[in-house]
Amino acid sequence: MKSYLEPKFIIQRDQERCIQCKVCITQCSVDTHYYDTEDDEVKSYPDTCVGCQRCVVFCPTQALTVKKNPNEYRENYNWSPEVIEDITKQAETGGILLTGMGNDRDYPIYWDHLLLNASQVTNPSIDPLREPMELATYLGRKPDRVEIDPDTLSLKTKLDPLVKLDIPIMFAAMSYGAVSINVQESLARAATEMGTLWDTGEGGLHSKLYKYGSHTVVQVASGRFGVHPDYLNAARVVEIKIGQGAKPGIGGHLPGEKVSDQVSLTRMIPQGTDALSPAPQHDIYSIEDLAQLIYALKEATNYTKPISVKIAAVHNSAAIASGMVRAGADIIVLDGFRGATGATPKIIRNNVGIPIELALASVDNRLRQEGLRNQASIVISGGIRNSGDVAKAIALGADAIYIGTAALVALGCHLCQQCHTGKCSWGICTTDPTLTKRINPDIGARRLANLLHSWSLELKDMLGGMGINAIESLRGNRLHLRGVGLTDTELRILGVRMAGE
Amino acid sequence: MAKVAKIDASGIYYRELNQQIRRLATEGAQQIELHNVCGQRYIGTNLDRPVEIEIFGTPGNDLGAFMNGSEITVNGNAQDGCGNTMNEGKIVIQGHAGDIIGSSARGGKIFIKGSVSYRTGIHMKEYQNKQPAIVIGGTTQDFVGEYMAGGILVLLGLNLNGGENHKACFIGTGMHGGVIYIRGGIEDYQLGKEVGIAELAENDHQILHQLVSEFSSYFGYNAELILNHRFIKLFPRYLRPYGRLYAY
């Protein structure tokens, strides 16, 4: 069938700059560039270009520019070029449209409608360069009250297991199989260096990464891949994954061709078969069942680790979160609709779930109203772009933040949204042995640790500006936030006042 | 000489009971008898070394969840989630069992004298030299072997009256690995779309002979009499049942 799809991008090659070095050919993972032997010239064939910018970055003479195809359709607000392309693709394949990364639609970004406070005159701001500034955060169940032995001045209350984070930013779940082993090693090493955690996702823990166990969150998801007593015991936190923001309510299929021998060893499944994660966990059909799995994991780890439960932010998140805490979750993770993935049906990614800001505000609020807030930490994820978003999230009530997409961008990701093809030219979302080598864990870990370091400096600056010297004083402190361009309903749900009030 | 330890479980909360079992196992007990068990969950989970546990009464959900090498005998019925995500070991049940028996198990064996409820063997896997097996003496409810990615599931139908069929529907829905053997009548409409039916080959007979003999040894049956009956074999028609679902 003749395809009616047009190239998404065009490639401009400045022939005066191009030195015919063929770097673009070797860097491209979708065969856009080629060497024309007859003309003795490197040329481009834009049909396959996905706009990943790999060739542009690696061209030694800056000869290349990748641009959106300027070819114009007749203007139509309803029938945009993307809508037309999607229909065309479906007419030509009969399949569900797959995509990668998170929701890219222009839904409101509430972070951009929230502003932080700063001290002026009536209370002094603090200069973090000269004064200590505390970012340490403890995740896990906190007691309702603490008792101190008056004689020894030691704590009488027996605390549940807590995890100390030096910075309240962790790396979100990205499974081995979706991302490469070098990406996971980079994440694990950066998390260890910076005193925070990384998350295995549901693809098991590669034997090579067990040594980072004390900085690792291991996931137990519907596929139960690689879930084994050693895996559970190696971890700092065990996370039950119910859902994720990029595909709430549905499972996942890691295609057989990505199940290489190493992926098979780590997931503990045969090589080459699809790794199917069912939509629900079949031992969890209710809050009571969730409690059963939480306590099964607590039993399996002898009550030494906090158990986390991750859900996608959906309409009834507040009520669900309340149930999760009552079921025994020590940490609850809310993944907003901007949360990314290695593969998801586009229709789900773009249309299901709710903004994380609203979910966070309503969950934090509900847990406070019900007197449960101390019983579980709240961790959020899904589109956190910078330390400003982190500070606002903490002020809205989050204990810590997971970053996924931002971490991948630190490693080189240019958000071309082709994760589902397994041909990531940046060597991130692939198990192809050649592409995988493009991430060097020494450099990857450095880039990620640098990112966390930058954000922690900025967080300290913002805290100092507000006149507070510990992240704990910002947590859930919505008085430090004001809204702009929001309706009364939005302000009510977020629990913040309008700027100027 | 094997050390046998006994616990009277009456009135003991599961957490305390499991701590006692764990303590005994750590101290070197090789056989543990639990009496008056009544609904305590997670028995056999998290033992740092394999032991033999004999249960009198009715254990609660998730019996042997994440179990790694222990052997459990239940003189009574078992409830839901028995053998959940089991890595290695054996569970023998002298009665019936509930939902999702052997869910996501990657190794070990489960023998049940009576019948089971829904979704038995769901998402069982196999891996390297590990191949879980579940043998059910009676019959089952719907979705048996759903999403199965490996392992062996045997359904004997010994409690069906002459000529009576199994009632389960959606057998092997989404199956993409492993094998199901069924003794007793079944109609095509009861099967999931992803499974095919085949006659038994020589190696199937060997596998069945081994499993049914072991089953019979626990429950006092004559294996030859059970095996001397028509079995069918269900297998996954595709390794990648959903591979053609997507447009890229």
Residue by residue through segment A:100-134, note down the ones that are closer than 30 Å to A:H253 by Cα and in contact with a His (Cβ under 6 Å, 6 or more places away or on another chain).
A:G100
Single condition A:V83 does not satisfy, out of (1) under 24 Å from A:G245 (Cβ atoms); (2) within 25 Å of the chain's Cα centre (by Cα); (3) more than 14 Å from every other protein chain (Cβ to nearest Cβ); (4) not acidic (D, E):
(2)
What number of residues within segment B:168-212 satisfy the criterion of being within 14 Å of chain A (Cβ to nearest Cβ) and within 22 Å of A:P270 (Cβ to Cβ)?
10
Please go through segment A:146-193 and give me each residue that is in a helix (DSSP H, G or I) and closer than 21 Å to A:Q219 by Cα, ordered by number.
A:I181, A:N182, A:V183, A:Q184, A:E185, A:S186, A:L187, A:A188, A:R189, A:A190, A:A191, A:T192
Considering segment B:1-40 alone, what residues qualify as being surrounded by fewer than 17 Cβ atoms within 10 Å (Cβ to Cβ) and within 14 Å of chain A (Cβ to nearest Cβ)?
B:Y13, B:R15, B:E16, B:Q19, B:Q20, B:R23, B:T26, B:G39
Count of residues meeting criterion [buried (at least 24 other Cβ atoms within 10 Å of the Cβ) and either in contact (Cβ under 8 Å) with a residue 60 or more places away in the chain or assigned to a helix (DSSP H, G or I) (or both)] in segment A:368-379
3
Would you pick out the residues in segment A:168-186 that are closer than 22 Å to A:I394 by Cβ and in contact with a helix residue (DSSP H, G or I) (Cβ under 8 Å, 6 or more places away or on another chain)?
A:P168, A:I169, A:M170, A:F171, A:A172
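What strands (runs of 3 or more DSSP E) lie completely within segment B:143-214 and have 2 or more residues being under 18 Å from B:A105 (Cβ atoms)? Please lay out each step first, then the result.
On the way: elements: B:149-155, B:177-183, B:195-198.
Hits in segment B:143-214: B:149-155, B:177-183.
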Residues that are surrounded by fewer than 16 Cβ atoms within 10 Å (Cβ to Cβ) and of a type outside the set (A, V, I, L, M, F, W, C), drawn from segment A:52-71
A:P60, A:T61, A:Q62, A:T65, A:K67, A:K68, A:N69, A:P70, A:N71
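If we keep just the residues of segment A:186-222 that are of a type in the set (D, E) and under 29 Å from A:P278 (Cβ atoms), which is nearest to the chain's Cα centre (by Cα)? Let's see the steps before the verdict.
Of the residues in segment A:186-222, the ones of a type in the set (D, E) are A:193, A:199, A:202.
Those still in the list that are under 29 Å from A:P278 (Cβ atoms) too: A:199, A:202.
Details: A:D199: 10, A:E202: 14 Å.
Only one residue fits best here, namely A:D199.
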Please tell me if A:E239 is out of contact with any His (no Cβ under 9 Å at 6 or more places or on another chain) and part of a loop (DSSP other than H, G, I, E, B).
no
Under 9 Å by Cβ, and 6 or more places apart or on different chains, what pairs join a residue from segment A:21-40 that is free of Cβ contacts under 8 Å to residues at least 24 places away in the same chain with one that is acidic (D, E)?
A:I25/A:D31; A:T32/A:D47; A:Y35/A:E41
Given the conditions (1) outside any loop (DSSP other than H, G, I, E, B); (2) surrounded by fewer than 24 Cβ atoms within 10 Å (Cβ to Cβ); (3) charged (D, E, K, R), every one holds for A:R438 apart from (1)
Being away from every other protein chain (no Cβ under 14 Å) and either over 19 Å from the mean Cα position of the chain (by Cα) or basic (K, R) (or both) is the filter here; which residues of segment B:233-248 pass it?
B:K233
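For segment A:248-257, which residues satisfy the criterion of being surrounded by fewer than 21 Cβ atoms within 10 Å (Cβ to Cβ) and touching a residue at least 40 places away in the same chain (Cβ under 8 Å)? Can you show your working first?
Here is the first cut: in segment A:248-257, the ones surrounded by fewer than 21 Cβ atoms within 10 Å (Cβ to Cβ) are A:249-251, A:253, A:255-257.
Answer for segment A:248-257, where residues must be surrounded by fewer than 21 Cβ atoms within 10 Å (Cβ to Cβ) and touching a residue at least 40 places away in the same chain (Cβ under 8 Å): A:G249, A:I250, A:H253, A:P255, A:E257.
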Residue pairs meeting the criteria (Cβ under 6 Å; at least 6 apart or on separate chains; first of a type in the set (G, A, S), in segment B:231-248; second surrounded by 16 or more Cβ atoms within 10 Å (Cβ to Cβ))
B:A247/A:K89; B:A247/A:L97
Set A:K392, A:K460: member being over 21 Å from the mean Cα position of the chain (by Cα) and either surrounded by 18 or more Cβ atoms within 10 Å (Cβ to Cβ) or in a helix (DSSP H, G or I) (or both)
A:K460
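Conditions tested, residue by residue: (1) buried (at least 22 other Cβ atoms within 10 Å of the Cβ); (2) closer than 27 Å to A:A191 by Cβ.
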| position | (1), (2) |
| --- | --- |
| A:Y210 | no, yes |
| A:D230 | no, yes |
| A:K241 | yes, yes |
| A:Q262 | no, yes |
| A:Q292 | yes, no |
How about segment A:264-367: which helices (runs of 4 or more DSSP H) wholly inside it have at least 1 residues that are within 14 Å of another protein chain (Cβ to nearest Cβ) and modelled with pLDDT of 95 or more?
A:287-300, A:346-351
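Yes/no matrix, rows are residues, columns are (1) assigned by TED's automatic domain parsing to the domain that holds A:L451; (2) basic (K, R); (3) modelled with pLDDT of 95 or more; (4) surrounded by 15 or more Cβ atoms within 10 Å (Cβ to Cβ):
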{"residue": "A:E131", "(1), (2), (3), (4)": "no, no, no, no"}
{"residue": "A:A136", "(1), (2), (3), (4)": "no, no, yes, no"}
{"residue": "A:K142", "(1), (2), (3), (4)": "no, yes, yes, yes"}
{"residue": "A:I169", "(1), (2), (3), (4)": "yes, no, yes, yes"}
{"residue": "A:A172", "(1), (2), (3), (4)": "yes, no, yes, yes"}
{"residue": "A:E193", "(1), (2), (3), (4)": "yes, no, yes, yes"}
{"residue": "A:L197", "(1), (2), (3), (4)": "yes, no, yes, yes"}
Cβ pairs under 9 Å, 6+ apart, first in segment B:168-190 and buried (at least 20 other Cβ atoms within 10 Å of the Cβ), second in a strand (DSSP E or B) and among the charged types (D, E, K, R):
B:V179/B:K233; B:I180/B:K233; B:Y181/B:K233; B:I182/B:K233
Residue pairs, Cβ under 8 Å, 6 or more apart or interchain, first in segment B:3-24 and part of a loop (DSSP other than H, G, I, E, B), second at pLDDT below 95. List them.
B:K3/B:G28; B:K3/B:A29; B:K3/B:Q30
Looking only at segment A:264-276, count every residue that is surrounded by 23 or more Cβ atoms within 10 Å (Cβ to Cβ) and under 30 Å from A:P161 (Cβ atoms) and tell me the total.
2
Looking at A:G252, A:G256, which is the one that is within 17 Å of the chain's Cα centre (by Cα), modelled with pLDDT under 90 and within 11 Å of chain B (Cβ to nearest Cβ)?
A:G252
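The values are calculated or read from the model by the stated rules, or taken from the named source; none is laboratory data. Just so it is clear, the model here is predicted, and its values are computed rather than measured. Heads up, the Cβs are rebuilt from the backbone with ideal geometry, glycines too, and the neighbour counts pull from every protein chain shown.
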